[in-house]
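A short write-up of the structure that comes next.
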Amino acid sequence: MSGTVVVVGGTTFDLFASGLPGLPRIDDVGDEFTARSLVHLPSAPTPSVGGNAGNAAFVAARLAGRTVRLVTALGKDLFGNWLREQFGEVGVELTVLPPVETSVNVVATD
């Protein structure tokens, strides 16, 4: 197969925190930094490519024998740099629109 697949849309940095024993609790006095407000995870969080367009481009590049170009917004920050690296590893060509920062989702599960 030949040709280029072009994907346009949103990309996010997703961080999955699994094994969450419970949600943090804030004291009645509003102190958010107490023993009850801290939750420790049993394992390190897992970063992942996210967003509809980001996921589609990433998966298409891994499955298709075609060039995949992603037109999306990424910041020049830690999360945007990590996403650029992930896309580069699977051969996604990027056209990046310059937002202030990269969109981040934190997903906590029990």
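The values are calculated or read from the model by the stated rules, or taken from the named source; none is laboratory data. Remember, it's a predicted structure, so these values are computed and weren't measured experimentally. Cβ coordinates were reconstructed from backbone atoms using ideal geometry, including for glycine residues, and neighbour counts include every protein chain displayed. For the accessible areas, the whole protein counts, side chains as well, though only heavy atoms, and no ligand, DNA or RNA atoms are used. Shrake-Rupley method; radii C 1.70, N 1.55, O 1.52, S 1.80 Å.
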Residue match in the range 9-23 (condition: part of a strand (DSSP E or B) and either touching a helix residue (DSSP H, G or I) at 6+ places or on another chain (Cβ under 7 Å) or at pLDDT below 85 (or both)): yes
Residues of the range 66-84 satisfying the condition of being more than 15 Å from residue 99 (Cβ to Cβ) and touching a Pro at 6+ places or on another chain (Cβ under 8 Å): 82
Counted residues, the range 34-63 - those being more than 10 Å from the chain's Cα centre (by Cα), hydroxyl-bearing (Ser, Thr, Tyr) and under 17 Å from residue 14 (Cβ atoms): 1
Filter result for residue 2 (among the small types (Gly, Ala, Ser), open to solvent by 70 Å² or more (accessible area, probe 1.4 Å) and at pLDDT below 95): yes
Residue ranges of strands (runs of 3 or more DSSP E) in the range 28-110 with at least 1 members within 19 Å of residue 16 (Cα to Cα) and of a type in the set (A, V, I, L, M, F, W, C): 46-50, 104-108
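Quick grid of which residues meet (1) surrounded by 13 or more Cβ atoms within 10 Å (Cβ to Cβ); (2) free of Cβ contacts under 8 Å to residues at least 60 places away in the same chain; (3) touching a strand residue (DSSP E or B) at 6+ places or on another chain (Cβ under 8 Å):
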{"residue": "39", "(1), (2), (3)": "yes, yes, no"}
{"residue": "56", "(1), (2), (3)": "yes, yes, yes"}
{"residue": "60", "(1), (2), (3)": "yes, yes, yes"}
{"residue": "69", "(1), (2), (3)": "yes, no, yes"}
